[in-house]
1. Taking the criterion of being among the β-branched types (Val, Ile, Thr), in contact with a helix residue (DSSP H, G or I) (Cβ under 8 Å, 6 or more places away or on another chain) and touching a residue at least 40 places away in the same chain (Cβ under 8 Å), would at least one residue in region 121-131 satisfy it?
2. Give the residues of region 140-175 that are assigned to a helix (DSSP H, G or I) and either of a type in the set (A, V, I, L, M) or not assigned by TED's automatic domain parsing to the domain that holds residue 126 (or both), sorted by residue number.
3. Being under 19 Å from the mean Cα position of the chain (by Cα) and surrounded by fewer than 22 Cβ atoms within 10 Å (Cβ to Cβ) is the filter here; which residues of region 204-217 pass it?
4. Of everything in region 259-275, what is hydrophobic (A, V, I, L, M, F, W, C) and under 12 Å from residue 46 (Cα atoms)? Give them in sequence order.
5. Can you list residue pairs whose Cβ atoms sit under 9 Å apart, with the first residue in region 233-260 being outside any helix (DSSP H, G or I) and the second being aliphatic (A, V, I, L, M)? Count only pairs 6 or more apart in sequence or on different chains.
6. Out of region 283-298, which residues are part of a helix (DSSP H, G or I) and either in contact with a helix residue (DSSP H, G or I) (Cβ under 6 Å, 6 or more places away or on another chain) or over 21 Å from residue 209 (Cα atoms) (or both)?
7. Within region 182-203, restricting attention to residues that are among the β-branched types (Val, Ile, Thr) and in a loop (DSSP other than H, G, I, E, B), which residue is surrounded by the most Cβ atoms within 10 Å (Cβ to Cβ)?
8. Modelled with pLDDT of 95 or more and under 18 Å from the mean Cα position of the chain (by Cα) - does that describe any residue in region 6-15?
Amino acid sequence: MHAGTHTRLLAAALAAAFTLAACGGGGTETNADGTVSFTVAVIEPDITTVPILAAIDAVRQAGHEVKVVELAEPELAIEGLAKGDYAISAEATSPALIAIQQDAPIKIIADVIGNQWAVYGKSGIAGCDDLNGRPFGIFSEGAVATAMVKEWVGAQCGAGKKPNYLTIGGSDVRAQALLAGEIDATPLEISDVVTLEASGKTGFTQVVDFGKSLPDVHPQTVYANAEFIGEHKDVTQAFVTALVQEHKKINADPRYLVGLVAKYLPDEEAGSVAEVAKRYVDAKLFDAAALTDQNMQGTIDFFARAGVLEKGLKASDAADLSFVKAAA
């Protein structure tokens, strides 16, 4: 989906959400004993989600009632946040920023994971110029990894040179396409790089690491309904503090993350989880308190350059970083 189409569709959904919100969202209740009942939306939980689930359990242990719903797309979570049906969600940053620019009552409050994207290619692909006219797998035209790739191509490839972009699907599907020789390169997440290496096939190489070239871009963040965090600062702080602590435990020992995956995602293949966890920790990707005014603005500016956002959005309008500052 093109970024402009993506923006228009989300804007239309938000317009409907705002109409419903005017009639009152019913997602949060304050109980007689002062505890709060609310809902958190998660998007297709994976290894990056389990610290969030552990933080939710910490909030439950404090007496609050937290319902977790699983959704297929971040846009559904954004719509629910705008209506007040959900208090908190976490996934792709760009839909949240699009919504905020459309005046949705949403604030980014913490980081989920740092920029883990990197381009991997088959043997002989050493740089951007080697990809001219070559089959290059992407998830979609509007995906954040595609935006990173196209900015890199524009800056690093020679004049008029660019890959032949092929829309294939998720990171795992594209890793398999790279293994099968159907494409010459593609952006991958760490878990799929581990799968690629475990295949036994050799000759694949990292072409560019966006975590190093675009360190201020934070593709996955935690965001919340602005009214919820305004009215329930103590509960929001408890959640963010718990998430920061979960990330600290992971960074102290990657085996802690392996244990969280076993608890919250028992169907996950255990063999590769330990290696994926180690690489997350080695790359220092888990840090819920990593967001700053500077890198939040850097993330916004990146999406504006990519045509996902209109220029002019400020970090102070998009994020409330008081909770991570208090938790750090």
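The values are calculated or read from the model by the stated rules, or taken from the named source; none is laboratory data. The structure presented is a predicted model; accordingly, all values stated were derived computationally and were not measured. Every residue, glycine as well, gets a Cβ built from its backbone with ideal geometry; the counts of neighbours run over all protein chains shown.
1. From region 121-131, those among the β-branched types (Val, Ile, Thr) are 125; that's our starting set.
Checking the rest, the ones that are also in contact with a helix residue (DSSP H, G or I) (Cβ under 8 Å, 6 or more places away or on another chain) come to 125.
If we keep only those that are touching a residue at least 40 places away in the same chain (Cβ under 8 Å) as well, we get 125.
Yes: region 121-131 contains one or more residues that are among the β-branched types (Val, Ile, Thr), in contact with a helix residue (DSSP H, G or I) (Cβ under 8 Å, 6 or more places away or on another chain) and touching a residue at least 40 places away in the same chain (Cβ under 8 Å).
2. Filtering region 140-175 down to residues assigned to a helix (DSSP H, G or I) leaves 144-156, 171-175.
Residues satisfying the conditions are 144, 145, 147, 148, 149, 153, 155, 173, 175.
3. We begin by selecting, within region 204-217, every residue under 19 Å from the mean Cα position of the chain (by Cα); these are 209-217.
Passing the criteria: 209, 210, 211, 212, 213, 214, 215, 216.
4. 260, 261, 262, 265, 273
5. 253/281
6. Step one: list which residues in region 283-298 are part of a helix (DSSP H, G or I), which gives 288-290, 293-298.
Result: 288, 289, 293, 296, 297.
7. Residues of region 182-203 that are among the β-branched types (Val, Ile, Thr), as a first pass: 183, 186, 190, 193-195, 202.
Keeping just the survivors that are in a loop (DSSP other than H, G, I, E, B) gives 183, 202.
Working: 183: 24, 202: 8.
If we take residues in region 182-203 being among the β-branched types (Val, Ile, Thr) and in a loop (DSSP other than H, G, I, E, B), then 183 is surrounded by the most Cβ atoms within 10 Å (Cβ to Cβ).
8. The initial filter retains those residues of region 6-15 that are modelled with pLDDT of 95 or more, namely none.
No: zero hits.
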